[in-house]
Amino acid sequence: MLALLPAFAAGAGLATPAETPKHEMRGAWLATVYGIDWPSRTGTGEAVAKAQKKELTDILDLLQSAGFNAVFFQVRPMADAFYRSTLEPWSEFLTGKDPGGEPGWDPLKFAIEECHARGMELHAWVNPFRVSKNEEPRPRPIASGKGTFNPMEKGLVLTMRDKPARPKRAKGKKGKRRPAPAAQPAVMAILDPGNPAARKHVVEVCREIVGKYDVDGLIFDDYFYPDRFPFTPGADPKKEADQRRENVHQTVREIHAMIQIEKPYVRFGISPAGVAGGNGKATAKYGLTPPPVGSDWMYDRIFCDPLPWLAEGTVDYVSPQLYWASDHSTNPYEPLAEWWSDVAFRFGRHFFSSQNIGALPAGNRAWEEQGREVDTNRRHNAAAYGVDVAPSAGHVLYSVSYMTGKKCSGLTDYLAANQFAHPALMPAMTWKKAPNPGALRGLRRDGGMLNWYPQPGMRYVVYAVPDGLSPLDALAASGANFRPEFVLGITYGHEYQVPPSRSSGYWYAVAPYDRYGNEWHPEIVK
């Protein structure tokens, strides 16, 4: 028997404070630069590709089992690519330095497919400006095999050289000292945010990722201008600093505008440093108070100000790096989380806190700290909205090597048993108009298989509810439709295999779940 049940909006009933939110970001940073999290093995050829794929799917399996619903996959660490780019070279962090070949597979395409097969989102993590570190940018072949990437020749690059350390004299034969080779200055090179052609290149790189690949989100990290990049001789430092922050925001505007044209459902986020507001310089304009703890170093050193992004709505979320424990002496976690939660709510955007798993030594105390931070995020998100259960909390944990055993393990088991015990859907981007997909059609059960007619661009939430509960009894107190403990899974396809443990004694429901995060009317089958 089939039935149609209206979707219920958030706040449809009273919730207990301990209820797990049905909608929240549960992300994990997966760093590829220097192989921090993945891949452990670089190179080209079938054997290397097989090993890299196996390591990646093992990571995704672990995250899925722990209740994560998104992966922030670093696809462009230094103007390079973990995908078949037509604009930039393959990353040496994938293929090895100057391998003279291509990897034989497309990691971004593979990662998207594997994430979606597990009902998880993939947010492509891009470093927008960094080109090289500790070496001059050099010409490199473009990944697609056509042309050469040479931003220096095109005049797109800003370079900053540190003074070299004084070299030590080495001992020669018979203990005599001989002159050491002259130390070379460290080099940091970035695409110039003040150069329209450089900004256009960044936009086109992001357009290729968003346009060619089925990503759910695009996320920038916190590398903007090099730290303490010198001002132009004779220029007014304040005016130039203001201009640099505007250059960064203009890039953000252009990326945001591009996404609205290409795929408006793709979430665009940025992960700035954990303390913002320019120590009062930036907050007064918006009627905000500065954060109650900590000091904002990014405003005048890397020329980053997240408040205009939120105020103008040029980002969908911020994921500030709140990389301090709750008992930190100068930057305790909770006051900063509360400030960001209030600011994001003020501007109608999402705050998904980035948490540092390594803030404390590995062990139960560290895992309890991560759980405490998750609870803190939920509490202040709920308070900002004036409800009992957080409607749009979020947590992005840095990084997966602190969960996989590469650096330590144990946190995933803790989260699966505690804060992430029930599945969660992504918070809805309510400021975007999402098309109504209409009623689900053709839902049927054939043994252990549920299937239905597909709807364009849609994913689905699948529920199994005990026979003893009516649809009204099973309603979620917050969020649409049914409680999170009844979620079997999320699928980007139009069929779902019911596990043997839920094959009898349950009725089932399937609800369209769009890429904006909205859940629509469910269909029920007995």
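Could you list, in sequence order, the residues of the range 404-441 that are of a type outside the set (S, T, N, Q) and not in a loop (DSSP other than H, G, I, E, B)? Across the range 404-441, the qualifying residues are Leu411, Asp413, Tyr414, Leu415, Ala416, Ala417, Leu425. Within the range 117-141, the residues that satisfy the criterion of being open to solvent by 20 Å² or more (accessible area, probe 1.4 Å) and over 23 Å from Met188 (Cα atoms) are Ala117, Arg118.
Taking the range 36-57 as the range and being touching a residue at least 40 places away in the same chain (Cβ under 8 Å) and charged (D, E, K, R) as the test, the residues that pass are Asp37, Glu46, Lys53. Pairing each residue of the range 83-98 that is at positive phi with any residue that is part of a loop (DSSP other than H, G, I, E, B) and crowded, with 17+ Cβ neighbours inside 10 Å, provided the two are 6+ apart or on different chains, yields C-beta distances under 9 Å for Gly96/Thr42; Gly96/Thr44. Entry remark, the range 85-99: residues being outside any strand (DSSP E or B), open to solvent by 10 Å² or more (accessible area, probe 1.4 Å) and out of contact with any Ser or Thr (no Cβ under 6 Å at 6 or more places or on another chain) number 4 in total. Look at the range 465-483: where a residue is over 23 Å from Gly517 (Cα atoms) and a partner is assigned to a strand (DSSP E or B), sitting 6+ places away or on another chain with Cβ atoms under 9 Å, you get Pro466/Tyr506; Pro466/Trp507; Asp467/Tyr506; Asp467/Trp507; Leu469/Trp507; Asp473/Val465. Comparison of Glu92, Glu102 shows that the only residue that is within 21 Å of Glu113 (Cα to Cα) and over 20 Å from the mean Cα position of the chain (by Cα) is Glu102. With respect to the conditions (1) among the aromatic types (Phe, Trp, Tyr); (2) open to solvent by 10 Å² or more (accessible area, probe 1.4 Å); (3) not in a helix (DSSP H, G or I), Tyr299 lacks only one, and its number is (3). Taking the listed residues Gly410, Gly505, Gly442, Gly479, the one that is of a type in the set (Gly, Ala, Ser), at pLDDT 95 or above and either closer than 30 Å to Ile59 by Cβ or buried (at least 18 other Cβ atoms within 10 Å of the Cβ) (or both) is Gly410, with no other qualifying.
Among the candidates Val33, Val48, the residue that is surrounded by fewer than 19 Cβ atoms within 10 Å (Cβ to Cβ), at pLDDT 95 or above and more than 17 Å from Ile112 (Cα to Cα) is uniquely Val33. The numbered conditions (1) touching a residue at least 12 places away in the same chain (Cβ under 8 Å); (2) open to solvent by 30 Å² or more (accessible area, probe 1.4 Å) are all true for Gly277 except (2).
Of the numbered criteria (1) surrounded by fewer than 16 Cβ atoms within 10 Å (Cβ to Cβ); (2) more than 22 Å from the chain's Cα centre (by Cα), the one Pro437 fails is (1). The residue of the range 354-403 that is nearest to Val275 (Cα to Cα), among those that are open to solvent by 20 Å² or more (accessible area, probe 1.4 Å), assigned to a loop (DSSP other than H, G, I, E, B) and touching a residue at least 12 places away in the same chain (Cβ under 8 Å), is Leu360. Restricting Glu55, Glu46 to those that are more than 30 Å from Leu415 (Cα to Cα) and among the charged types (D, E, K, R) reduces the list to Glu46. Of everything listed in (1) surrounded by fewer than 19 Cβ atoms within 10 Å (Cβ to Cβ); (2) part of a loop (DSSP other than H, G, I, E, B); (3) not hydroxyl-bearing (Ser, Thr, Tyr), the single unmet condition for Gly489 is (2).
The values are calculated or read from the model by the stated rules, or taken from the named source; none is laboratory data. These numbers come from a predicted model, not from an experiment. Counting neighbours? That spans all protein chains shown, and the Cβs are built from the backbone with ideal geometry, glycine included. Only protein heavy atoms, including side chains, enter the accessible area calculation; ligands, DNA and RNA are left aside. Shrake-Rupley method; radii C 1.70, N 1.55, O 1.52, S 1.80 Å.
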